[in-house]
Every structure is written in C-alpha cells, then in structure tokens.
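A quick write-up on the structure given underneath.
Just so you know, all these numbers are worked out from the coordinates, no wet-lab data involved. These figures come from a predicted structure and were not determined experimentally. No Cβ is skipped: glycine too gets one built from the backbone with ideal geometry, and neighbour counts run over all protein chains shown.
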Amino acid sequence: MNPSGISETLMKVRPGVEISGQSDIGCQRENNEDSFGYWEPDDDQQFLRKGRLAIVADGMGGYEGGQEASHLAVETVTGFYRDQDGANPQLLLNEALQTAHERVRQHGFAHPRLRGMGTTCTAIALVGHSLCYVHVGDTRLYLIRDGQIRQMTRDHSYVGRLVESGVISREEAEKHPQRNILTAALGTSADLIMEAPERPELLQSKDVLVICTDGLWGQVHDPEILKSVEKKTPDAAGRELIELARERGGPDNITLQILRLN
C-alpha cells in the first residue's frame, strides 16, 4: 500500500509489455470488493503457448460476499488457465470463466450468509500480438490505438441494453439511476452469459489495453482515460485516473490494469 491509499501488486513481467495493476477503496465504501491478478509462465515454451493473463473482477453481495466472489473469480480463472493443457488460449479462457462461475455459485450455496454473492469478470490472454478475452458484467476492456479509444466489451447491464437498443444515449446512461443493475454476472444464476470473440484481435506495437471496474469508468470519461494513458507510463496513468475518480466522489471501489505493448 502506498501513501495515497492505492494498492498495487508487484508483477514479474517479461520484456515486451509495460503493465500496472492498481486498486483503491474509493471514498464511500468500507471495504474493497474488487480483485485483480496477473500471471505469466516461467517456462519459455509455455509462455509461447499461453502468453500473459490479466484479470479484473468487481464483486457484489455485501461485505463478505462481494469480496469472496471477486477473489474466487480471479483465483479460479488464473489457476485453470495456468494448470490446464490446451493449444487454444481462447478456449482455455472460456472454460476458465465457466469453472469460476460454477465455483462462485457453489460457494454461495455452501455458505448461506453469502447467498446472492456474485462478481463481474474480465480476463485477457495476450499471446504474442494476439488478444483473447472473456467477459461478464460491467467491468470493461478498452483498446487504445493511434489516438483513439475503443470499448471492446459490452456492459451486461439494464442501462447497457437501453444504449444498445437506442433508447438512451451513452451520455444519458452515465447519469441513469439504474446504471448499476447487472443483467449477467458470475455465480448469480444457473446459466452463464459470457462474451468472447470469435477470433483473436490482432494487436500492434504501442497499443494499450485497459481493464477497469465501473468505479473508474463511471466517474472518468473515455476521452480522459485516453488522454492520461497516452501521455504517461501505465503506473503514472493508473494513479492519475484513480485520483480523478476520487476527486469526483469515488462512490465505488476503483480498480484497473493497464498494459502497453512495447
């Protein structure tokens, strides 16, 4: 924990990517229900097959439930992706998220005080210059390239549906009173609604990936994320964006991972 209150994880990272993962409790919550993780294999051959894994999760279900759900999601996805054999990183991610969904759901059944626990989850696998990902909920994955920022994932939320159907604009969605109502999450229903690309996204040198919870994007606009990430190192950009979200009230936990391809 550094003096500003932002928690960070020291990560062993091979050359080729600059990465920073940071999380802050925000200004109004009593505990941090977000979790994040990063993994890459020590073995060179396994690294060629599996690359780098980064994951962010935002838990729900009360003080203990949300914290446990997001931690379980990160732990399970990481462990499955690390330990299972397979030549297709995207299929491994899909199976890892399904496994995490079942584990969170079973944990809630086994502990009545945690009933209703669940979590969003966005995980990416960066293998060479190919990007695979899985996603559920309203954490977001952004791709920043050539002065443009693009949201790669859909928001699995009531307001997200309204935006997609054209009922309201993205600007109206930012202030909608029901913007936090999710339509999909890990562990909250029998079936998992999951988003995954049909084929990997081909990345370019100097591309930047940002994975973040709604505690960030709910307070900081996309152009502001773009401006901060373009002009600073991932570590400095993460600190700046978290402080900006806090200055605007910080009503939720704030977590992000930034990866820049060198």
- Task: Can you tell me the FRET efficiency between GLU64 and ARG199 if r is taken as the Cβ-Cβ distance and R0 is 41 Å, rounded to the nearest 0.05?
- Result: 0.55
- Query: Which residues does a label at GLN45 reach in region 82-119, if reach means a backbone N under 15 Å from a point 7 Å past the Cα toward the Cβ?
  - Reply: 85-87
- Listed residue (LEU261, THR120, ASN88) projecting farthest to the positive dipole end of the chain, Cβ model: LEU261
- Leaving out same-chain residues fewer than 8 places away, which lysines sit with a Cα under 28 Å from that of LYS206? LYS12, LYS50, LYS227, LYS231, LYS232
- Note on the structure: Most packed first (mean Cβ within 10 Å per residue), the peptides 213-222, 184-193, 106-115, 227-236 order as 213-222, 184-193, 227-236, 106-115
- Taking the Cα centre of the chain as origin and charging only Cβ (+1 Lys, Arg; -1 Asp, Glu), how large is the dipole, in debye to the nearest 20? 200
- May I ask for the Kirkwood hydrodynamic radius of region 7-261, worked out over all distinct Cα pairs and given in angstroms to one decimal? 18.1
- Query: Taking square-rooted eigenvalues a ≥ b ≥ c of the alpha carbon gyration tensor, is region 1-141 rounded, prolate or oblate, where a/c under 1.5 means rounded and, failing that, a/b exceeding b/c means prolate?
  - Reply: oblate
- Query: With a ≥ b ≥ c the root eigenvalues of the C-alpha gyration tensor of region 117-161, is it rounded (a/c under 1.5), prolate (a/b larger than b/c) or oblate?
  - Reply: oblate
- Query: Once fully extended, how much extra length lies between HIS107 and CYS27, figured as 0.36 nm per residue of separation less the alpha-carbon to alpha-carbon distance?
  - Reply: 25.9 nm
- Where does each of HIS129, HIS135 land when they are ranked from fewest to most other beta-carbon atoms within 10 angstrom? HIS129, HIS135
- Note on the structure: Log10 I(q)/I(0) at q = 0.20, 0.29, 0.32 Å⁻¹ for region 21-71, from Debye over equal alpha-carbon scatterers, is -0.70, -1.04, -1.15
